[in-house]
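Have a look at the structure below, then the notes.
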Amino acid sequence: MTGLAIITDPATFATVLRVMTPLLIAALGILISDRAGVFNLGMEGMMLTGALAGVLVSAWTGSAWLGLSAAIVAGGLIGALMAFAVNGLGANLIIAGIAVNLAASSGTTLGLFFATGDKGMSGALRSGVMPSLDLPFVRDIPGIGPLVSGHNVLTYGALLAVPLISLMMARTAFGLRIRAVGVDPKAAATVGISVKLIQLQALVLSGMLGGMAGAYLSMGYVSWFAQDMTAGRGFIAIAIEVMGMGTAWGTLAATIVIAIAETLAITMQTFGLPNELMQMIPYVVPIVILTIWTARGRARPAGR
Amino acid sequence: MNRALLAGLVRLAITLAVIAAVILAVLIPFALPHDQPGAVVAAFLLGPLSSVRHLGNVAEYATPIAFTGLAATVVFRSGLFNLGIESGVFLGGLAATAAALLLPSFGPFTPLVAIIVGAVVGSISCVIPGELRLRWDAPEMVTSLVLNFAILYAGVFFLNYYLRDPAAGSLMSYRIPADARLDRLLSGTRLNSGAIVALAACLTVGIWLYFTRSGLNLRIVGQGPAFAAHLGLPSRRIIMQAQLVGGLIAGMAGAIQVLGLYPRFSWTQLPGLGWTGIIIAILARENPFYVVPAALFLGYLQVGGDFLARDIGIPSEVVGLVTAAIMLAVTASAIFQHPAVLRLIRRIRRVEAAQ
């Protein structure tokens, strides 16, 4: 298969979307927390928890949708816990994020062990998978139809979340309060905004998105839970959010760049290039882009 | 009695009480469904103290995380939140293995050469994010976070193409030659001479940080960058120096871990010792002298977790939950800055002053 054939292949397009979906959902979650001034370093742990909750609940109830709901609730609960640790106990925000990641990595292993007796994988459970969506009419359009239709329902959800979150941040009172708290919590408090409440809501929303991203991993990307299956995606999502400059559309653009890099890494392996070096690409790209952008910002000190 | 010391003791007592409460709070839900809840708690808390061999296991676990805790302390003291230590450990272990396998033997100095190579190569992981930050303002927390994974895959590539033993079942290096391995100190454990190096390193860095001019400069730069600039300190150079020292210690941690414990290098994931180092630095309040007890304490928890797994059948991952809860509790200003605590400390100082 030649390089050009791979790029124009609908399967490549589908791979980009598959890789993109969890990263985009997670990065949007980090975006909301970041704009409220409570940067969510615990995203990796929230995703992991969501991935396990989705598998367990969908296996017990037989419903993928109930699994997804459980994943979202679990992520939101961790977000609430993190908000309590930071604003209730006065713990450091970054340390709270690291603690969430550590607790989730151990806690999901324990949870899987007590639910199935296995510490490594949930292969024995008959867990659900989120359905793919065949778009009526669209799928019949020649050329574009097969590209756009037939992807996982959470992929469409992730893409739909971009304009929704962009509108929420820019045009709603809630979004305005989030931004006010993030820019200057003291000034926000003087005009009667409860900083703690807004940060709690932002972290809960962030956690819900994290849970959803995790559910996609264990109920869409693959159909099982494995120990530490997020494999650093929560950290790439952090890099994506920072590259996206704090806007939903910027985050989408950064996600597409990283997803294409990762897809290239996956497809280039078929040419016999070393697998490990290809796997480096999605991690090197954000370092290069971030450095270039901050270096340019430094050259023009007017900035944002 | 010195009043500052007494006030410090009050804080220490509160810290210990908080840690004890957290351990019990996490452990009790796991103990209650068990036939003998008391036995579960006893296995966890008393098991590690039950014999010299188990105390040796505690020190064995404490060795690498004392190094990474020290590395995190130095790096954080410079004011940068550089997370490169995690991959520094990986890289240090890999480079030390490569040195042991590819370089000729240096007789009794073979381990020393391998550790130096590991430390120098491992320091790259902390130096790059520091350099990107100082030169181009790239946020070091984010770049170091993703750089960890880039270094991991580069390292696995090197392992696969240059060090891999094709006769071994899975991806691992050739057997590390015996003269490169570190001496074992206690039979029945994997406690090795690296533990002594770790102790010496903590004392050395403590003396550097608190009793030398260059250490004082680093503390000033980290705590008050504006004040440091006002004093005319070369802040950039001092910060880079701290990244380099932190990275060297992280690389050393990996080198000593691999040469002291394993017959072959077989890490294909990040070992997680860097994250544990951050926890140690926090527990030790970023003081090198406290790194040793903090590392021994986490080693004690880990051995307690092994007892739970072996005797009770509860996975040792419980330790991760305990550690995460302790992390939050000991940094909670709601406890340590509580008005009652501050009043108590003030009263002690006043009584002392009146005498």
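The values are calculated or read from the model by the stated rules, or taken from the named source; none is laboratory data. In this text, all values refer to a predicted model and were calculated from it rather than measured experimentally. Here Cβ is always computed from backbone atoms with ideal geometry, including for glycine, and neighbour counts include all displayed protein chains. For the accessible areas, the whole protein counts, side chains as well, though only heavy atoms, and no ligand, DNA or RNA atoms are used. Shrake-Rupley method; radii C 1.70, N 1.55, O 1.52, S 1.80 Å.
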Looking only at segment A:22-48, how many residues end up being assigned to a helix (DSSP H, G or I) and either among the polar types (S, T, N, Q) or within 15 Å of residue A:96 (Cα to Cα) (or both)? 7
Those residues that are open to solvent by 20 Å² or more (accessible area, probe 1.4 Å) and facing chain B (nearest Cβ under 7 Å), I need them from segment A:96-112; list them, please. A:102, A:103, A:105, A:107
For residue B:321, all conditions in the list (1) crowded, with 18+ Cβ neighbours inside 10 Å; (2) modelled with pLDDT of 90 or more; (3) in a helix (DSSP H, G or I); (4) not assigned by TED's automatic domain parsing to the domain that holds residue B:13 hold save one; what is the number of the exception? (4)
When you look at residue B:280, is it within 30 Å of residue B:100 (Cβ to Cβ), away from chain A (no Cβ under 14 Å) and either touching a helix residue (DSSP H, G or I) at 6+ places or on another chain (Cβ under 6 Å) or open to solvent by less than 10 Å² (accessible area, probe 1.4 Å) (or both), yes or no? no
Among (1) in a loop (DSSP other than H, G, I, E, B); (2) within 14 Å of another protein chain (Cβ to nearest Cβ); (3) surrounded by fewer than 18 Cβ atoms within 10 Å (Cβ to Cβ), where does residue B:264 come up short? (2)
Hand me the list of helices (runs of 4 or more DSSP H) wholly inside segment B:168-259 holding 1 or more residues that are surrounded by 22 or more Cβ atoms within 10 Å (Cβ to Cβ). B:194-211, B:213-223
Test: residue in segment A:85-94 that is farther than 26 Å from residue A:21 by Cα, open to solvent by less than 20 Å² (accessible area, probe 1.4 Å), within 8 Å of chain B (Cβ to nearest Cβ) and small (Gly, Ala, Ser): yes
Some residue of segment B:90-105 being open to solvent by 40 Å² or more (accessible area, probe 1.4 Å) and in a helix (DSSP H, G or I): yes
Matching residues, segment A:224-262, being part of a helix (DSSP H, G or I), in contact with a Leu (Cβ under 8 Å, 6 or more places away or on another chain), open to solvent by 10 Å² or more (accessible area, probe 1.4 Å) and more than 12 Å from chain B (Cβ to nearest Cβ): A:252
Are any of the residues in segment A:53-60 open to solvent by 40 Å² or more (accessible area, probe 1.4 Å), touching a residue at least 60 places away in the same chain (Cβ under 8 Å), more than 14 Å from every other protein chain (Cβ to nearest Cβ) and under 24 Å from residue B:315 (Cβ atoms)? no
For segment B:283-295, indicate whether the set of residues that are assigned to a helix (DSSP H, G or I) and either at the interface with another protein chain (Cβ under 10 Å from one of its Cβ atoms) or of a type in the set (Val, Ile, Thr) (or both) is non-empty. yes
With respect to residue B:146, is the statement that it is assigned by TED's automatic domain parsing to the domain that holds residue B:277, free of Cβ contacts under 8 Å to residues at least 12 places away in the same chain and surrounded by 24 or more Cβ atoms within 10 Å (Cβ to Cβ) true? yes
Considering every residue within segment A:62-71, establish whether at least one is at the interface with another protein chain (Cβ under 9 Å from one of its Cβ atoms), open to solvent by less than 30 Å² (accessible area, probe 1.4 Å), at pLDDT 90 or above and assigned to a helix (DSSP H, G or I). no
Restricting to segment A:263-298, name every residue that is buried (at least 16 other Cβ atoms within 10 Å of the Cβ) and among the aromatic types (Phe, Trp, Tyr). A:283, A:293
Tell me which residues, restricted to segment B:179-213, are under 22 Å from residue B:119 (Cβ atoms), of a type in the set (Gly, Ala, Ser) and modelled with pLDDT under 85. B:180
